[in-house]
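Below you'll find the structure, written out as structure tokens, and then a few comments.
Read-outs: derived from the displayed coordinates by stated rules, not from any lab. The shown structure was predicted, so the numbers you read here are calculated from the model rather than taken from an experiment. As a convention, Cβ positions derive from the backbone with ideal geometry for all residues, glycine included, and neighbour counts pool all protein chains shown.
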Amino acid sequence: MRKSRKWPITVIAVIVVLALGYRIYRGLKTRPSSLSGAVLATATVEKRDLAVTITGKGTVDSTDKRQIKAKVAGTVTAVLVSEGSYVKEGDTLILLSNDTAQLQLEQARLEAALAKESLNELLGPGGARDKLSLNLRQAEVNLASAEERAEALSIRAPISGQLWDLNLTTGDRVRAGEIVASVVDNRSYVVVAKVKQEDLSRIKTGEHVMIYAGGEIGPCPGLIEEVSNQGVVAGKSAEFQVKVRVEDPSPFLRPGMSVTVTYNPNVYTSLSFPGQVEPYAKKNVVAEVDGTVKFVLSATGSWVDEGQELIRLENDQIALALEQVKSSVEAARQELASWENQVEQQRLKVRQAELNLQEKEKAVQNLTVKSPLTGKVISLSARPGDDVSTGQVLAQVASVDPLVVTIPVDELDIAKVYQGQTAFITVDAFPGKSWEGKVRRIAEQGQVREGITNYNVEVEFTAEEVKLSMSSTVSILLSKEYQVLTVPLEAIKWEGKKSYVYVVQGERVVQRSVVLGVQDEMYIEVRSGLSEGETVLTGDLGRINDPRALRLPTQVPGVPFRPR
């Protein structure tokens, strides 16, 4: 079998093509290229406005979308809207019927009315609580009186002092108002004197006097404390009582002694009048209730303190009355507490009946299905005659003003985006039309996919004709340059990090370095290297350019490119 010899011809052809390509490349690097026989796309260097944007794709969505579920079971009697209908919050969408719910409502109303009536009867038209409270108050007053009488069985000293004239023993009967003893405070004395009416004008309270008992008892100083306003007739004149407190009594001074009080208002006059020494304080011990002496707790001549128990009486009637009154108070308290408990229980029943009524009223109200928000009906699954159960989805309403589109933004660009920033939205279903919107929300946490972190940015806009889930493109405006020199993105070529263009000069093409600025989706700013009106190549450059130097616009180093 003969072997094929075609492969040397193929090898020779490849070598010829490569050599020809190398010669063309070398020619372009050393001299201007000719356009003879070449048909290439060109563009004019001209001024235009450039909008620098961040662009992304997304689908139209709603800011608020809610399923409307049946809150009670029932039968659909009417559907008042259709899919696509615009509704306001509170508008009626669907009517249901449920005979059981209506019957339960009427029963709940009756139960609530009966509970209130029972409460009103318990409260009573005459003020039952006031009557019971008055009975309790009266019983408490009676108890206080009975306790006071029982306390009076204990006879106590009215003041501190020496006990006089206590002559009772166990078993003796005592009557109310009877004086059973007296208590004398003999630690100090008072002189009770009498002054004639003609000397009365010379006596003043607060003046110092001297008291003389005579014999070996020395004089004692005193102070006029009281002058009587009413005198006692004595002969042709009247006498007025004067009380003089003994300020520093002699140890030999005793109650009952006769003394002379001398008053010297000045060095020229002197007045003396007779008196008798008495204890400064003396009070009788009086029994306040009838009783029999059970104990005698102090003896005559002993010192007692104010409030100290001297005698204890007993009286069965007083003790019995006290126990009866205590019982009546407890009964009155229990009666009032029982009534208040009944009222509280009935009020609780009224409250429970009212809550049950509210629940049944709400169930009947829920037979009227209303829209929870203003928007558009985007789905409707209920039809007249359908039996629906609690929780079944009947419709779906979505807010459509504003609409929103969510796009991903690269982490390198997210710092340039802020809330309220202007954006432009185009929808695939409406070519050539654009809507202005604003950035509504920026995600705080990014999503990492294939090593790239993107942040979701939500943009809102208003468009009545746009429907939910339509595909759309969002361009967030970063800045806008006015009347800058531009060329199409396709005109820019790269060699490393250096950019250049091919400029058409007559029948030749020359390579020229350029300094670039901002860009939009189609054009890029040329800050130096070109003049307005010049022509640059933008089409297929395969015949005159090294294919290795071609780069897509997305590869422009240092230029803020936004993918379309």
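Annotations for the structure displayed:
- Gyration tensor (alpha-carbon) shape descriptor, the stretch 360-421, a/c threshold 1.5: prolate
- Between 0 and 90°, nearest 10: helix 316-365 axis offset from the chain longest Cα axis: 20 degrees
- Residues whose placed amide H lies under 5 Å from that of residue 85, excluding near-sequence neighbours: 377
- Checking every one of the trypsin sites (Lys or Arg not before Pro) in the stretch 135-183 against DSSP loop status and a limit of 13 other Cβ atoms within 10 Å picks out 175.
- Computed helical MRE - 222 nm, the chain, DSSP H runs ≥ 4 contributing -39500 (n - 2.57), nearest 500: -8000 deg cm²/dmol
- D_trans [Stokes-Einstein, Kirkwood Rh over alpha-carbon pairs] for the stretch 274-362, 37 °C, 0.692 mPa s, µm² s⁻¹: 165 µm²/s
- For the stretch 253-355, with +1 on Lys and Arg beta carbons and -1 on Asp and Glu, the positive-most of 352, 308, 338 along the dipole: 308
- With 0.36 nm allotted per residue and the present C-alpha distance subtracted, the residue 331-residue 258 stretch has 19.9 nm of extension available.
- 15 Å beta-carbon shell around residue 444, net charge (K/R +1, D/E -1): 0
- Seen against the Cα atoms of the chain and their longest principal axis, helix 7-30 is set at about 70 degrees.
- Cα-Cα P(r), the stretch 71-190, percent of pairs per 5 Å interval: 2, 7, 8, 8, 7, 6, 6, 5, 5, 5, 4, 4, 4, 4, 3, 3, 3, 4, 4, 4, 3, 2, 1
- Note, ³J(HN,Hα) from phi for the stretch 270-275, Karplus 6.51, -1.76, 1.60, rounded to Hz, x at Gly and Pro: 8, 9, 10, 8, x, x
- About the Cα centre, charge dipole magnitude for the stretch 154-314 (Lys/Arg +1, Asp/Glu -1 at Cβ), debye: 260 debye
- Between residue 118 and residue 250, the simple label model (points 7 Å from Cα in the Cβ direction) yields a spacing of 9.2 nm.
- Around the amide H of residue 178, modelled in the peptide plane, lie the amide H atoms of 287, all under 5 Å away and 5 or more residues distant in sequence or on another chain.
- Listed residue pairs exceeding 30 Å between alpha carbons, taken from 349/370; 194/282; 416/498; 88/433; 131/362; 416/497: 349/370; 131/362
- For the Cα trace of the stretch 154-314, dividing Rg by the Kirkwood Rh returns an Rg/Rh value of 1.11.
- Simple spin-label estimate for residue 107 and residue 482 in nanometres, 7 Å along Cα-Cβ: 7.8 nm
- Note: the chain, Cα convex hull, 600 Å³ per residue.
- Looking at the stretch 218-299, the trypsin sites (Lys or Arg not before Pro) that sit in a DSSP loop and have at most 13 other Cβ atoms within 10 Å of their own Cβ are 236.
- Residues whose amide H lies under 5 Å from that of residue 77, counting only those 5 or more places away or on a different chain, are 95, 96, 97, 385; hydrogens are built 1.01 Å from N in the peptide plane.
- Tilt relative to the chain, helix 99-123 - C-alpha long axis, 0 to 90 degrees, to 10: 20 degrees
- Alpha-carbon spread of the stretch 153-211, three principal axes, descending order, Å: 55, 24, 17
- Taking a straight Cα-Cα cut-off under 18 Å and skipping sequence neighbours fewer than 8 places away in the same chain, the aspartates and glutamates within cross-link reach of residue 360 are 99, 106, 111.
- Here is the list for the stretch 403-473: trypsin sites (Lys or Arg not before Pro) lying in DSSP coil, each with at most 16 other C-beta atoms within 10 angstrom of its C-beta, are 433, 467.
- Cβ charges +1 (Lys, Arg) and -1 (Asp, Glu), total dipole of the chain, debye: 5160 debye
- Separation in nanometres of the label points that stand 7 Å from Cα toward Cβ, at residue 91 and residue 513: 6.7 nm
- Vicinal HN-Hα couplings computed from phi for the stretch 383-395 (Karplus, 6.51 cos²θ - 1.76 cosθ + 1.60; Hz; Gly/Pro x): 10, x, x, 5, 8, 10, 10, 4, x, 6, 6, 9, 6
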